[in-house]
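Everything below concerns the one structure shown next.
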């Protein structure tokens, strides 16, 4: 099968590609390397297993060019920095909503019929019951990133309903693991490298979310696509528990050996405007389809901290 | 209060303006007259009650210009032709999603804090229970028009959560009445003017939806804004029953006096790809806030048919 992975040089995309190559797919990657990293896929490009198109999905005609002959699209490309929406308000509109429109329009024009999309738990907004099931409504995101994810879901639904596309939409918890390029663990390690004596934590540290290990995320995506076949398939992806930011900070401090670091909280119930303090997805549907995550949130965090310390390269 | 009504020269917008003038507001209208009609507001412009800005909301800087000094925004502008999305797939993206982004961004930059938005029952997608309550999920629209409405809801939610906006989002049933410029009744009358001997109906005519009279819609909007005060307020607007397209066709044939017209169905369960065959909103929330529509769907249809026959001017 010839697949296109948008954002394929990114954190999750590059793990997905490893699996797709294993199963024998011909893998095309569309990635402008804005947050993706060429080194994540360099070996696979070298070996000929991956063909990289360095294009911007905001460019419809370039998107069409790399859509030709594709059988299945994994659309993972997005602005990875949720907080950026506060400062530059059209980032998510362009690289989330409009990019998704371009992917769908290119699929329509090229006759490509199947897509999987990485949506997010943030579409549920604030105040949803925990754990949050797929049928919770209304979905009122409070971040611009979340608004773009919801917009993309709607666009995909409309292409299914109007043009006969088949789609799998996954609402992700926090996905973490090797090759992480952003997020709270990545930030904490970089802060401790810059100053091992203190760790500043945004908010009061009581924010509490659920974390899923990236390889389990990728395996779940492929499994769910394998065993479901509705025109529009929606599934939460996460683990069965939560962990607080306070606990993550403690783990990072311990694992980095910066045990003298003072952990300092900026205060307030959330890290930034648009942050959702507490989030946990119901994963009954995922379980029902035969996927049981083996890492809980704390194990996933600890595993990730160790992997990122090695990748980032802390001085011991 | 100085209000801005986007799409204020349109069908619903012009009725809203009548009420806003009655209550003493200073009314600004942003309308590029793509589907709005200057004659709907000409008298009010003449009298100085309305200031019309002939701008395209896809132009952010023009949108900012007419946002200055505004206290409250009624954002009604949209592509009015749901079917158009099939042929020109970026219509709703531009005039729905991006226009809404521009309105919100202009509000942020100009310090305008309150908005009411006309969303639609089509965000609920197909297969929702009837009547559909506001908390139904997941919302998977099947038309590009619906995707743009959902995207706009998400954008508004994100501006509430991130920038402290206050919002009222109304999910409209089919709104009909005087000054209608599109929709099934408008189309049927025009078809019978062109050929009084036959009336072609898209689909099998068993599509069944709920209809609300436009003045009741507008009054409900103003009432709900008056009596609710959450950061984000969501409310369905509709009537308590449905009417089939078949019945609407019969009423139009009878009221136009084209009683010899043969009603011909193109077949299939829906009018076009992306059409939702059956829709009815739960209006418990609306009732609970003290609004009770007096017209049922059939009364609203009959009233509208008579009004439009007079406006369009059929030869007797």
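For the reader, a short list of remarks on this structure follows.
One line per residue, one yes/no per condition, for (1) within 20 Å of the chain's Cα centre (by Cα); (2) surrounded by fewer than 20 Cβ atoms within 10 Å (Cβ to Cβ):
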| position | (1), (2) |
| --- | --- |
| B:108 | no, yes |
| B:119 | yes, no |
| B:123 | yes, no |
| B:129 | no, yes |
| B:144 | yes, no |
| B:165 | no, no |
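- A count restricted to the stretch A:154-163 and to residues that are facing chain B (nearest Cβ under 7 Å), touching a residue at least 40 places away in the same chain (Cβ under 8 Å) and under 19 Å from the mean Cα position of the chain (by Cα) stands at 1.
- Residue within the stretch A:116-126 that is at the interface with chain B (Cβ under 7 Å from one of its Cβ atoms), touching a strand residue (DSSP E or B) at 6+ places or on another chain (Cβ under 8 Å) and without any contact (Cβ under 8 Å) to a residue 24 or more places away in the chain present: no
- Test: residue B:177 is at pLDDT below 95 and within 17 Å of residue B:12 (Cβ to Cβ): no
- Listed by first and then second residue, the pairs linking a residue in the stretch A:137-150 that is more than 7 Å from chain B (Cβ to nearest Cβ) and at negative phi to a residue that is part of a helix (DSSP H, G or I) and crowded, with 24+ Cβ neighbours inside 10 Å, with Cβ atoms under 6 Å apart and 6 or more places separating them unless they lie on different chains, are A:145/A:85; A:145/A:92; A:148/A:92; A:148/A:96; A:148/A:97; A:149/A:123.
- Just one of (1) touching a strand residue (DSSP E or B) at 6+ places or on another chain (Cβ under 9 Å); (2) assigned to a loop (DSSP other than H, G, I, E, B); (3) closer than 26 Å to residue B:147 by Cα fails for residue A:9. It is (3).
- Qualifying position, being closer than 30 Å to residue A:274 by Cα and without any contact (Cβ under 8 Å) to a residue 12 or more places away in the chain, among A:99, A:78, A:87, A:30: A:87
- Any hit, the stretch B:257-271, residues being closer than 18 Å to residue B:183 by Cβ and either within 14 Å of chain A (Cβ to nearest Cβ) or assigned to a helix (DSSP H, G or I) (or both): yes
- Sole residue being surrounded by 17 or more Cβ atoms within 10 Å (Cβ to Cβ) and assigned to a loop (DSSP other than H, G, I, E, B), chosen from B:229, B:233, B:204: B:204
- Only one of the listed residues (A:134, A:105) is in contact (Cβ under 8 Å) with a residue 12 or more places away in the chain, touching a helix residue (DSSP H, G or I) at 6+ places or on another chain (Cβ under 7 Å) and closer than 14 Å to residue A:153 by Cα. That residue is A:134.
- Residues (in a loop (DSSP other than H, G, I, E, B) and either in contact with a strand residue (DSSP E or B) (Cβ under 7 Å, 6 or more places away or on another chain) or surrounded by fewer than 16 Cβ atoms within 10 Å (Cβ to Cβ) (or both)) located in the stretch A:290-307: A:290, A:292, A:293, A:294, A:295
- Residues that are away from every other protein chain (no Cβ under 14 Å), surrounded by fewer than 16 Cβ atoms within 10 Å (Cβ to Cβ) and free of Cβ contacts under 8 Å to residues at least 40 places away in the same chain were ranked within the stretch B:52-75; the one that is nearest to residue B:174 (Cα to Cα) is B:54.
- Boolean, residue B:99 is buried (at least 24 other Cβ atoms within 10 Å of the Cβ), under 26 Å from residue B:285 (Cα atoms) and within 13 Å of another protein chain (Cβ to nearest Cβ): no
- Test: residue in the stretch A:175-194 that is crowded, with 21+ Cβ neighbours inside 10 Å and within 14 Å of another protein chain (Cβ to nearest Cβ): no
The values are calculated or read from the model by the stated rules, or taken from the named source; none is laboratory data. Note that this is a predicted model, so its numbers are computed, not measured. Don't worry about glycine lacking a Cβ; one is built from the backbone with ideal geometry, like all the others, and counts go over all protein chains shown.
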